[in-house]
């Protein structure tokens with residue numbers, strides 16, 4: 001009979017009658033079937049398989065909790081259940097995910113109360129002239145129950161969603177389930193056997209980090225060990241997978257595209273660091289607002305502190321500790337902030353990058369941002385002339401008169417201990433302020449220069465940090481810092497997706513490709529059109545580039561600066577190199593157009 005089913009089982013009518021006859025003729029084992037694994041899923045049928053009904057009925061009759069495997073069998077082989085692709089493509093991982101989520105919800109298992117309807121074995125032959133029969137098995141009939149199946153369906157849906165990305169990756173031609181990318185998209189509560197490439201990568205990372213809390217390593221060393229589409233570069237999607245894989249090993253990386261950073265730069269360094277608290281949940285799509293505020297303050301401090309070309313280690317560490325404690329960061333966020341500081345000190349944010357984002361600030365927010373600049377500059381008790389000049393430039397970025405910076409730097413240095421509020425009012429360009437009082441200028445005989453902070457009358461010893469003052473400054477500026485997170489962000493955190501290739505124009509005439517005229521991240525419409533037009537040639541002489549810029553109503557030098565700022569933010573490299581001729585960086589161009 002089983003051989004006939006194997007041969008003619010595709011016929012639904014024959015399969016039903018033959019299966020009923022086989023069940024009727026087979027002696028029923030009275031042993032407890034739930035001590036063994038449930039029957040493997042078969043082709044869809046009109047009813048729950050009888051062997052599954054017996055095992056589940058025995059569990060209900062004995063008052064035993066339903067094991068995860070039997071719960072999965074009850075849902076998966078129920079006639080009303082529909083399985084999606086991840087269940088079929090990766091059955092072992094689905095079973096593991098279902099068991100994990102089931103245990104989290106029900107512990108040792110769901111106990112289902114025995115129902116009154118009895119399980120009966122009915123046989124109805126195909127020929128109406130033959131008698132049938134009914135046999136009572138003395139067990140509850142689980143086919144009449146809906147509640148447990150509904151609960152199991154919720155767990156199956158979550159397990160399927162968690163495996164969706166992993167299933168799609170395995171669906172690609174030649175995808176290796178043990179590759180670094182596959183393990184990065186596997187649900188974090190599951191384990192898989194890594195292939196040799198994954199083992200080599202993780203062994204190198206652990207060896208490079210060693211016992212140190214963080215370590216700076218060349219970006220190219222890390223890139224070369226990732227099986228990327230290009231052996232010398234990672235795109236944003238690959239960089240996100242790399243960061244996710246390392247996070248599963250309690251290792252962080254900066255810059256991290258998930259936190260607004262760029263992919264690992266081939267010509268620069270990255271910082272690997274240990275995550276104090278293992279993370280079992282995927283990183284959120286957007287950073288914690290507290291962390292975003294802390295990053296803004298760190299970048300703000302770097303923009304001012306790096307102005308004199310040297311940043312004292314004690315100064316930066318003290319500021320970092322005050323920031324991390326003041327905004328209430330978790331252990332992993334504090335470790336990431338320390339690593340981010342190493343990157344920021346290596347590549348401080350540029351004025352041009354800040355100017356493009358500052359346009360969204362209103363007058364009140366600009367006033368508060370100006371106060372933050374003064375508080376950061378005075379944090380170590382001394383404001384150098386170069387820091388004063390940098391504050392002046394940042395005031396201009398914020399829309400204030402540059403002369404206000406010198407006045408307020410002097411006032412902050414002399415009055416910080418006399419005023420309960422260290423943030424002073426700044427006036428915007430061209431706007432009179434009747435209540436605005438200038439601090440007394442330095443004496444004419446002062447030979448130290450008009451930008452220098454005045455000496456303290458009590459002696460040459462440096463001003464000590466005032467913890468209460470810094471804490472009050474942090475509390476007053478948290479709202480501004482959250483807003484500044486958008487201004488000082490390295491790049492836009494884009495979703496993980498594959499973009500279609502941009503079609504190149506057929507001539508260097510400034511015309512755009514059909515169907516691709518949208519804005520490019522970090523650029524307005526004229527500069528977006530100009531960037532797409534650069535696809536036409538890998539090198540431009542100065543007159544040709546000037547002509548191309550004129551078609552878009554742009555000046556050549558300003559256009560180069562704007563394009564390069566956007567490219568550096570997105571890729572860490574400029575897109576236009578040289579003066580005449582101008583070479584186009586193909587990598588930066590491709591990444592901007594992705």
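Can you find a residue that is touching a residue at least 12 places away in the same chain (Cβ under 8 Å), in contact with a helix residue (DSSP H, G or I) (Cβ under 9 Å, 6 or more places away or on another chain), part of a loop (DSSP other than H, G, I, E, B) and crowded, with 17+ Cβ neighbours inside 10 Å anywhere in segment 114-130?
No, segment 114-130 contains no residue that is touching a residue at least 12 places away in the same chain (Cβ under 8 Å), in contact with a helix residue (DSSP H, G or I) (Cβ under 9 Å, 6 or more places away or on another chain), part of a loop (DSSP other than H, G, I, E, B) and crowded, with 17+ Cβ neighbours inside 10 Å.
Residue by residue through segment 131-150, note down the ones that are crowded, with 16+ Cβ neighbours inside 10 Å and out of contact with any strand residue (DSSP E or B) (no Cβ under 7 Å at 6 or more places or on another chain).
Once the filter is applied, which keeps residues that are crowded, with 16+ Cβ neighbours inside 10 Å and out of contact with any strand residue (DSSP E or B) (no Cβ under 7 Å at 6 or more places or on another chain), segment 131-150 yields 142, 143, 145, 149.
Looking at segment 131-153, which of its residues are farther than 19 Å from residue 81 by Cα and not in a strand (DSSP E or B)?
131, 132
Which pairs have Cβ atoms under 8 Å, sit 6 or more apart or on different chains, and link a residue in segment 19-45 that is more than 17 Å from residue 76 (Cα to Cα) to one that is modelled with pLDDT of 75 or more and in a loop (DSSP other than H, G, I, E, B)?
Filtered contacts from segment 19-45: 20/124; 21/1; 21/125; 22/1; 25/1.
Would you confirm whether or not segment 354-361 contains a residue that is modelled with pLDDT of 85 or more and either farther than 30 Å from residue 161 by Cβ or buried (at least 20 other Cβ atoms within 10 Å of the Cβ) (or both)?
No, there is no match, as no residue in segment 354-361 is modelled with pLDDT of 85 or more and either farther than 30 Å from residue 161 by Cβ or buried (at least 20 other Cβ atoms within 10 Å of the Cβ) (or both).
Residues to consider are 546, 566, 559; find the one that is farther than 30 Å from residue 374 by Cα, crowded, with 18+ Cβ neighbours inside 10 Å and modelled with pLDDT of 50 or more.
559
Please enumerate the residues belonging to segment 513-570 that are in a helix (DSSP H, G or I) and within 14 Å of residue 594 (Cα to Cα).
528, 531, 532, 535, 566, 567, 570
I'd like the full set of residues that are at pLDDT 90 or above, crowded, with 18+ Cβ neighbours inside 10 Å and either touching a strand residue (DSSP E or B) at 6+ places or on another chain (Cβ under 6 Å) or part of a helix (DSSP H, G or I) (or both), limited to segment 221-246.
222, 223, 238, 239, 240, 241, 242, 243, 244, 245, 246, listed by residue number.
Can you tell me which residue within segment 9-52, out of those that are more than 26 Å from residue 127 (Cβ to Cβ), part of a helix (DSSP H, G or I) and in contact with a helix residue (DSSP H, G or I) (Cβ under 6 Å, 6 or more places away or on another chain), is modelled with the highest pLDDT?
Across segment 9-52, the extreme among qualifying residues is 52.
The values are calculated or read from the model by the stated rules, or taken from the named source; none is laboratory data. Just so we're clear, the structure is a prediction, and the values are computed from it rather than from any experiment. Virtual Cβ from ideal backbone geometry, glycine too; neighbours counted across all protein chains shown.
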